[in-house]
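First up is the structure itself, then whatever we jot down about it.
The values are calculated or read from the model by the stated rules, or taken from the named source; none is laboratory data. On a predicted model such as this, the values are computed, not experimentally measured, just so you know. Glycine gets a Cβ as well: all are built from the backbone with ideal geometry, and neighbour counts include every protein chain shown. Just the protein is used for accessible areas: all its heavy atoms, side chains included, with ligands, DNA and RNA removed. Shrake-Rupley method; radii C 1.70, N 1.55, O 1.52, S 1.80 Å.
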Amino acid sequence: QVQLVESGGGLVQPGGSLRLSCAASGSILSIYDMRWYRQAPGKQRELVAAVTSSGNTDYADSVKGRFTISRDNAKSTMYLQMNSLAPEDTAVYSCNMAILTMTTRYPTNYWGQGTQVTVSS
């Protein structure tokens, strides 16, 4: 069984920074794409950032230049550094990883529990 555990959310003032972490554990053979999503109240979930197994990254236009996604393969962990935060960044942030385990033939998508990020003065 695989678990993704997120940490790092909280309350921050506009212009501030937060760093989210998502650590995977379990019977993991390989981790492929890693992604951060967010969902604000009354809105659809949106893809915020993604990083491939080779390190290529992609970002939503709304966060380009402010957010940085990274991964530490040795620790099976993904990070999202969020700078210059604005009230419109307020949302529940969830991590997603495509993971090949010892009991599956193909990578399976796993989700973290979600962490609240609130940007407010």
* To do: Select from Gln3, Met82, Thr57 the residue farthest towards the positive end of the dipole of region 1-120; place +1 on Cβ of Lys and Arg, -1 on Cβ of Asp and Glu, and compute about the Cα centre.
  => Gln3
* **Surface accessible to a 1.4 Å probe, per residue, for the residues of region 1-95, Å²** => 53
* Report the charge-dipole magnitude of the chain in Debye, nearest 20, computed about the Cα centre from +1 at each Lys and Arg Cβ and -1 at each Asp and Glu Cβ. => 120
